[in-house]
Each structure stands twice: as structure tokens, then as C-alpha cells.
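Structure, as C-alpha cells:
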Amino acid sequence: MPTEELYGAYNFLLEVQGITPEARTIIGGFKAMSGMDSETEVIEFKQGNDRVVRKKPGRTTYANIVLERGFTRSDDLWLWRKNIEDGLIDRRSGTVTVLDQDLTTVVAVYNFFEGWPCKWYVPEMKSDASEMAIEKIEIAVEKVERAQ
């Protein structure tokens with residue numbers, strides 16, 4: 001019986017609608033992406049003399065997506081965040097594509113919808129450190145789905 005192929009967590013691409021002049025484009029090399037989680041509340045109820053508590057699904061919520069990348073001159077994500085800070089509702093859709101080791105074969109595609117940057121983390125600077133400056137952005141989303 002063949003072993004199922006496992007994929008690394010380091011080959012992924014992020015696309016966000018409207019970050020650059022193209023309608024949808026890959027926006028950089030990210031160090032990490034987390035938070036594409038969903039959770040459905042559990043509604044418990046009893047019926048008449050039923051001694052068993054029944055459960056049914058309630059509303060589903062989606063966690064915020066957290067992106068980390070090395071700090072560069074690019075201000076594409078910051079400008080999107082600035083729109084929100086200035087009171088402009090700027091919701092965008094995007095895609096995270098997981099790739100195989102060959103960097104061309106698509107393993108999975110996750111789409112997010114109605115996203116907007118709700119938090120911005122300026123890189124921590126330390127004069128005695130030798131590590132890379134990492135910026136983070138947190139994107140609130142209303143829905144995530146696996147498209148492939």
C-alpha cells in the first residue's frame with residue numbers, strides 16, 4: 001500500500017485583489033501565514049422528555065489571517081491598511097495557493113472573501129540582533145473556502 005504524499009508548509013503563494021494595478025497578483029514572499037480557521041458554534045437543545053441533549057450547528061465564524069514577511073520598501077499592504085485607518089471601507093478577496101515541491105503543481109487553493117487589514121505590526125528593531133526585520137498584517141475575513 002503506497003504512502004500518502006505529504007506537503008511542506010513552506011511553498012505557498014498569496015494573491016490579494018487590487019494590491020497592484022493588475023486585478024489580482026501575487027504580493028510577495030511571506031515567511032508565514034496562519035489563521036485560516038473556521039469554527040461553528042454548537043447549539044444544544046432538549047426536546048420534551050428526551051434525556052439526551054441534542055446538538056446542531058449554529059453560526060460559523062472565521063479567524064483572522066496573519067501574514068508575516070521580511071520588511072521591505074514595498075508599502076502595498078500598508079496602503080491597504082491606511083485606507084481602513086482613514087475610514088475607507090476597503091474589502092478585498094484573495095487566494096492562498098499551496099504548491100508541491102516542484103513549485104508549479106497546485107496542491108490546494110483556499111479563497112478568502114471580504115477581507116480587510118485589522119492590525120498592523122511594525123517590525124521590532126533591536127540594535128544587538130542579527131535577525132531579519134519582520135512585518136505582520138492581520139486580515140479580518142468573513143469567509144474562507146477550499147476551492148481545490
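Every number in this text was worked out from the coordinates using simple rules, so none of it is lab data. No experiment lies behind these values; they were computed from the predicted model shown. Here the Cβ is made from the backbone with ideal geometry for all residues, glycine too, and neighbour counts use every protein chain on show.
According to the square roots a ≥ b ≥ c of the eigenvalues of the Cα gyration tensor, what is the shape class of segment 57-103, taking rounded for a/c under 1.5, prolate for a/b larger than b/c otherwise, and oblate for the remainder? In terms of gyration-tensor shape, oblate. Between Asp76 and Leu6, how high is the FRET efficiency from 1/(1 + (r/R0)^6) when r is the Cβ-Cβ distance and R₀ = 22 Å? Nearest 0.05. About 0.10, to the nearest 0.05.
On full extension, the segment bounded by Glu39 and Tyr121 gains 27.0 nm, given 0.36 nm per residue less the C-alpha separation.
For segment 21-148, the dipole from Cβ point charges (+1 on Lys and Arg, -1 on Asp and Glu) about the Cα centre works out to 580 debye, to the nearest 20. Which angle between 0 and 90 degrees, to the nearest 10, do you get for helix 76-85 versus the longest principal axis of the chain when only C-alpha atoms count? Helix 76-85 sits roughly 60 degrees off the main axis of the chain. Put a dot 7 Å past the Cα of Phe113, heading toward its Cβ, do the same for Gln101, and the two dots end up 3.7 nm apart. Mind checking which of Ser93, Ala133, Thr40 is farthest towards the positive end of segment 12-146's charge dipole, using Cβ charges of +1 (Lys, Arg) and -1 (Asp, Glu) about the Cα centre? Going by the Cα projections, it comes out as Thr40. A simple packing score, the average count of other Cβ atoms within 10 Å per residue, orders the peptides 124-130, 87-93, 52-58 as 87-93, 52-58, 124-130, with the highest score first.
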